[in-house]
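Trainee: A single structure is presented below for examination.
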């Protein structure tokens, strides 16, 4: 029996206590984006659908349109704010669904072992092998446009992403004698897994979910960009970029650039946060012995 | 006709992992209030035997009987009955606690499972148990990582005692501790046995430790018992060459490494 088992990552032990500036900025930005989306109806200077052909393709900095307007004169800032809602909510749905599925499958595979593990692991490998975007496009072809089907399909596509990590961490953690000691004390397998194993691997699960949030956001934005996700007049950042294509050719990249920047920054910030969460676990672990 | 019944009886225990036989036809009995040592090197099958006793492994064949009743049932009721009679202390006292729970919480949990009742009573019992193993209330409020190895092992003993088992299986329970702490834990175990009449199955490779804590012992090699008897007698006049080899392997002033190596070769060749 070993005293310690190899930990995930040894770095970032200091991250927790020092709280690096990038982390504070990332969190602040995400809070800002979420608040923007939530309060869009109150805060947005214009209606997101209000067209004004006279004002079309105004550059950023124009009076009343800080981020400019698109090819039909709609206020880009207002549209980015309103677009934040779908752009954040849809990936959130994907993450929550895949979180539940992946955790259940990963824990089951790790604790049951044997053929159950073999079947679940190969199943996850197969799903993992398909490009998620391809699956989503397939689902649109089958179920028609709209966001519900892509969210469900993406959730399934991301389940292995979480499930495989949960499985390996649960196996690693499960090798520690405290889980066996609970069994010796007469506790049932289910209770030991849910009450003791799950809380101890939860930080890893959350970190992994944060990472998959970024991927889901990009996938859903890509889908909208392809014109398969959000249907007009609803807008998310992906569909805004898509609609801005002609404007980019006309020499005004602003209306596409702004939602693009929003996608980029959000994903970077979420990944930073996720990486920190994953890091702080190994940090906490390294204090143990 | 008032012969005392063995509290634990193991008969013809066999455990195979694939083609490898870890435990081969092991039998022994443990009388109430006594202490039995299982001695052997790593790979001798002693830990596997302990794990079978604790229900962590299922034997390929053979039976384990607790208070005259065969164990191995998987129902909740059987599980609780067995756990209530036999508990185990692991080698790694750190790893045997949930890192997120305080020592007192960890000790209280099996109490709630085995003797449901008001939280107040459990709290009092936890304080009593901590006191019994020589830990302060303050240590009870600590997380496992804040305690020393010896304190953790005391806590592990307190947790097992809370269930009031008849048999305590200790798998290399002091091997990971400093020698001075080892002595403290062994003294504690000795006291507890006298106070509560609990029986020990003490698995160890350390003959000095076994000599102190056990009355009888079995020596295991390659999964088989090669010698059994009173601990003192075995250690004073070992009959089996393997037992002699184990004794000779203890560092001493007139230690002859050459001879130990030669004896081992001769033994392995047999």
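Trainee: Run down A:100, A:136 and say which single residue is surrounded by fewer than 17 Cβ atoms within 10 Å (Cβ to Cβ) and under 23 Å from residue A:217 (Cβ atoms).
Mentor: When all the criteria are applied, what remains is A:100.
Trainee: Can you name the condition, by its number, that residue A:249 falls short on among (1) in contact with a strand residue (DSSP E or B) (Cβ under 8 Å, 6 or more places away or on another chain); (2) surrounded by fewer than 21 Cβ atoms within 10 Å (Cβ to Cβ)?
Mentor: Condition (1) is where residue A:249 drops out.
Trainee: Is it the case, given these coordinates, that residue A:181 is touching a helix residue (DSSP H, G or I) at 6+ places or on another chain (Cβ under 9 Å) and within 24 Å of residue A:86 (Cα to Cα)?
Mentor: It is false that residue A:181 is touching a helix residue (DSSP H, G or I) at 6+ places or on another chain (Cβ under 9 Å) and within 24 Å of residue A:86 (Cα to Cα).
Residue by residue, here is whether (1) facing another protein chain (nearest Cβ under 8 Å); (2) out of contact with any strand residue (DSSP E or B) (no Cβ under 7 Å at 6 or more places or on another chain) holds:
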residue	(1), (2)
B:82	yes, no
B:87	yes, no
B:90	yes, no
B:93	no, yes
B:98	yes, yes
B:102	no, yes
B:107	no, yes
B:111	no, yes
B:114	yes, yes
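Trainee: Only one of (1) within 14 Å of chain B (Cβ to nearest Cβ); (2) not in a loop (DSSP other than H, G, I, E, B) is not met by residue A:161, so which one is it?
Mentor: Of (1) within 14 Å of chain B (Cβ to nearest Cβ); (2) not in a loop (DSSP other than H, G, I, E, B), only one is false for residue A:161: (1).
Trainee: Then there is this: Please go through segment B:45-98 and pick out each residue that is farther than 27 Å from residue B:158 by Cβ and within 15 Å of the chain's Cα centre (by Cα).
Mentor: If the condition is that a residue be farther than 27 Å from residue B:158 by Cβ and within 15 Å of the chain's Cα centre (by Cα), then B:45 is the only one that fits.
For (1) modelled with pLDDT under 75; (2) assigned to a loop (DSSP other than H, G, I, E, B); (3) within 14 Å of chain B (Cβ to nearest Cβ), each residue gets a yes or a no:
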| site | (1), (2), (3) |
| --- | --- |
| A:3 | yes, yes, yes |
| A:23 | no, no, no |
| A:26 | no, no, no |
| A:33 | no, no, no |
| A:45 | no, yes, no |
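Trainee: Residue A:212: at pLDDT below 85 and more than 9 Å from chain B (Cβ to nearest Cβ), yes or no?
Mentor: Answer is no for this residue.
Trainee: Can you tell me which residue in segment B:8-30 is nearest to residue B:214 (Cα to Cα), limited to those that are surrounded by fewer than 16 Cβ atoms within 10 Å (Cβ to Cβ), in contact (Cβ under 8 Å) with a residue 24 or more places away in the chain and under 19 Å from the mean Cα position of the chain (by Cα)?
Mentor: Here the answer is B:27.
Trainee: With the structure loaded, tell me whether residue B:84 is more than 30 Å from residue B:11 (Cα to Cα) and surrounded by 13 or more Cβ atoms within 10 Å (Cβ to Cβ) or whether it fails that test.
Mentor: no
Trainee: What strands (runs of 3 or more DSSP E), lying completely within segment B:169-270, carry at least 1 residues that are over 22 Å from residue B:155 (Cα atoms) and in contact with a strand residue (DSSP E or B) (Cβ under 8 Å, 6 or more places away or on another chain)?
Mentor: The strands (runs of 3 or more DSSP E) meeting that bar are B:216-221, B:224-230.
Trainee: Within the group B:130, B:161, B:135, B:147, which residue is within 14 Å of chain A (Cβ to nearest Cβ) and closer than 17 Å to residue B:101 by Cβ?
Mentor: B:147 is the lone residue from the list that is within 14 Å of chain A (Cβ to nearest Cβ) and closer than 17 Å to residue B:101 by Cβ.
Trainee: To continue, here is another question. Applying the selection to segment B:244-270, what residues are free of Cβ contacts under 8 Å to residues at least 40 places away in the same chain, touching a helix residue (DSSP H, G or I) at 6+ places or on another chain (Cβ under 9 Å) and surrounded by 11 or more Cβ atoms within 10 Å (Cβ to Cβ)?
Mentor: Within segment B:244-270, B:244, B:245, B:248, B:249, B:255, B:256, B:259, B:260, B:263, B:264, B:266, B:267 meet the criteria.
The values are calculated or read from the model by the stated rules, or taken from the named source; none is laboratory data. Everything numeric here is computed off the predicted structure, so don't read it as measured data. Virtual Cβ from ideal backbone geometry, glycine too; neighbours counted across all protein chains shown.
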